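Worksheet: one structure, shown below.
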Amino acid sequence: MEKRKLGNSGFEVAPLALGGNVFGWTVDEPTGFKLLDAFVDAGFNLIDTADVYPKWASGCQGGESETLIGKWLDRRGRRDDVIIATKVGMEMGPDRKGLSKAYILRSAEDSLRRLQTDHIDLYQSHRDAPDTPLEETLTAYDQLIREGKVRAIGASNYSAERLAKALEVSEKNGLPRYESLQPEYSLVERAGYEAELEPLCQEKHLGVIGYFSLASGFLTGKYHSEADLEKSPRGQFVKKYMNERGFRIVAALDEVAKQLNSTPSRVALAWLIARPSVTAPIASARTLGQLNDLVEATRLELDASTIEHLNQASAYTTSAGREQIS
C-alpha cells in the first residue's frame with residue numbers, strides 16, 4: 001500500500017481515510033467493528049472522527065463515534081496499526097465549544113477517555129474561533145504535545161487568511177504548527193479549496209485530508225430527483241447539488257465509470273487521490289459493500305485525459321466566494 005507523508009507530522013498514511021461521522025448514527029457498534037476491521041486489514045491506517053460526532057442525530061449527545069472507536073481499539077489491540085485523528089471546538093453543550101486553552105485541555109482528556117488511548121495522533125481544530133487568540137490555542141496544543149497526549153495538530157474549516165496567520169504565529173513563537181488541513185473538497189465543491197487554500201498548503205507543505213469527498217453521497221449517482229432525497233438520512237445535504245452543474249458532473253462520472261468498468265464513487269475518489277495536493281480524502285461507509293467501493297477507488301488510476309474530462313465537467317466560476325455553474 002502506497003503511503004503518503006502527512007505534512008511534516010512524521011506520519012505516513014494510506015491514500016484514503018475512513019470517516020467516523022457515521023459511527024453511532026447510521027452505523028451501530030457491531031457494524032462499526034466490522035468496518036474498522038476490514039479497513040485496517042486492507043492496509044489503511046487513518047481514521048478520522050471528532051468529539052461532536054454525531055451530536056446532530058436524534059438521541060445522540062456527541063462522543064458516540066469516539067466511544068465506538070475506543071471500544072474497537074481496546075478489544076482488537078490494534079492501536080499501533082492506526083493513526084487516530086479527532087477534533088475539538090464544535091459545540092458539545094452549554095459553555096462547551098471553542099478553542100480556548102482551558103477548553104482544549106479539558107476536551108482532550110474527554111476524547112482520550114472515550115478513545116481509550118493515552119495519545120491522539122492528530123488533534124484538529126474543528127473550526128476557527130476568531131474570538132480566541134491563535135497564540136492561546138497553539139499554546140494549549142503545545143502543552144498537550146509536551147505531555148505526550150497529542151502527536152501532531154491540524155486545522156479544519158479554516159480560511160486561507162487565518163490558516164496563514166496561524167502558521168505565522170507558530171513560527172514566530174516557537175509553537176507547534178498545523179501540519180494538515182481538513183477542508184470540504186470534492187468534484188462539486190472545488191472553489192473553496194482550490195482558489196486560496198490549495199496554493200498555501202502546497203507552499204507550506206501541509207497534508208490535506210478533505211471531507212465530504214463524495215458530497216454526502218451525491219457523487220455516487222443515487223440521487224436523480226428530489227424524490228431520491230428520502231433514500232438516505234444524508235439526503236438533506238445533497239439538495240443544493242441538484243442543478244445543471246451537479247447533474248453534468250454525475251453524467252461525466254457515469255461515463256468514465258462505464259469506460260473503466262468501475263463505479264461513479266470510485267472515479268470521484270480516484271480524481272481526488274490523483275490531485276497532487278491531496279494526501280488522503282476522507283470517506284465514510286455504512287456497509288462492507290460501500291467500504292469495498294472505497295478501497296477499490298485507491299486502485300483506480302485515471303489518465304490525464306480522463307482527469308481533464310472531469311475537470312471540465314466540474315468547471316466553476318466564483319461569485320462572492322461561492323461555486324457557480326459555468
Those residues of the stretch 82-96 which are in contact with a Phe, Trp or Tyr (Cβ under 8 Å, 6 or more places away or on another chain) and open to solvent by 30 Å² or more (accessible area, probe 1.4 Å), in sequence order: Arg96
Residue pairs meeting the criteria (Cβ under 9 Å; at least 6 apart or on separate chains; first closer than 23 Å to Gly32 by Cα, in the stretch 72-96; second in a strand (DSSP E or B) and basic (Lys, Arg)): Ile83/Arg151
Pairs where the first residue, in the stretch 250-264, is over 12 Å from Leu310 (Cβ atoms) and the second is charged (D, E, K, R) and open to solvent by 60 Å² or more (accessible area, probe 1.4 Å), C-beta under 9 Å, 6+ apart: none
Output for the stretch 179-213, where each listed residue is hydrophobic (A, V, I, L, M, F, W, C), open to solvent by 10 Å² or more (accessible area, probe 1.4 Å) and under 11 Å from the mean Cα position of the chain (by Cα): Phe212
Selection from the stretch 139-179 of residues that are among the hydrophobic types (A, V, I, L, M, F, W, C) and more than 18 Å from His205 (Cβ to Cβ): Ala140, Leu144, Ile145, Val150
Flag if Arg286 is in contact with a strand residue (DSSP E or B) (Cβ under 9 Å, 6 or more places away or on another chain) and without any contact (Cβ under 8 Å) to a residue 40 or more places away in the chain: no
The stretch 291-322, subset of a type in the set (S, T, N, Q) and at pLDDT 95 or above, residue nearest to the chain's Cα centre (by Cα): Thr298
So Ala50, is it open to solvent by less than 20 Å² (accessible area, probe 1.4 Å), touching a helix residue (DSSP H, G or I) at 6+ places or on another chain (Cβ under 8 Å), of a type in the set (A, V, I, L, M, F, W, C) and over 20 Å from Glu147 (Cβ atoms): yes
Single match in Tyr123, Tyr103 (criterion: open to solvent by 10 Å² or more (accessible area, probe 1.4 Å) and among the aromatic types (Phe, Trp, Tyr)): Tyr103
Subset of the stretch 60-81 [over 24 Å from Arg127 (Cα atoms) and either at pLDDT below 95 or surrounded by fewer than 22 Cβ atoms within 10 Å (Cβ to Cβ) (or both)]: Lys71, Leu73, Asp74, Arg75, Arg76, Gly77, Arg78, Arg79, Asp80, Asp81
Among (1) open to solvent by 10 Å² or more (accessible area, probe 1.4 Å); (2) touching a residue at least 40 places away in the same chain (Cβ under 8 Å); (3) within 20 Å of Ser9 (Cβ to Cβ); (4) part of a loop (DSSP other than H, G, I, E, B), the one test that Asp118 misses: (2)
First in the stretch 128-144 and open to solvent by 20 Å² or more (accessible area, probe 1.4 Å), second anywhere and modelled with pLDDT of 95 or more and not in a helix (DSSP H, G or I), Cβ under 6 Å, 6 or more apart: Asp128/Tyr158; Asp142/Leu175; Asp142/Pro176
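The values are calculated or read from the model by the stated rules, or taken from the named source; none is laboratory data. Predicted, not measured: the structure shown is a model, and the values here were computed from it. Reconstructed Cβ throughout: ideal geometry from the backbone, glycine too, with neighbour counts over all protein chains shown. Note: areas computed on protein heavy atoms with side chains; ligands, DNA, RNA excluded. Shrake-Rupley method; radii C 1.70, N 1.55, O 1.52, S 1.80 Å.
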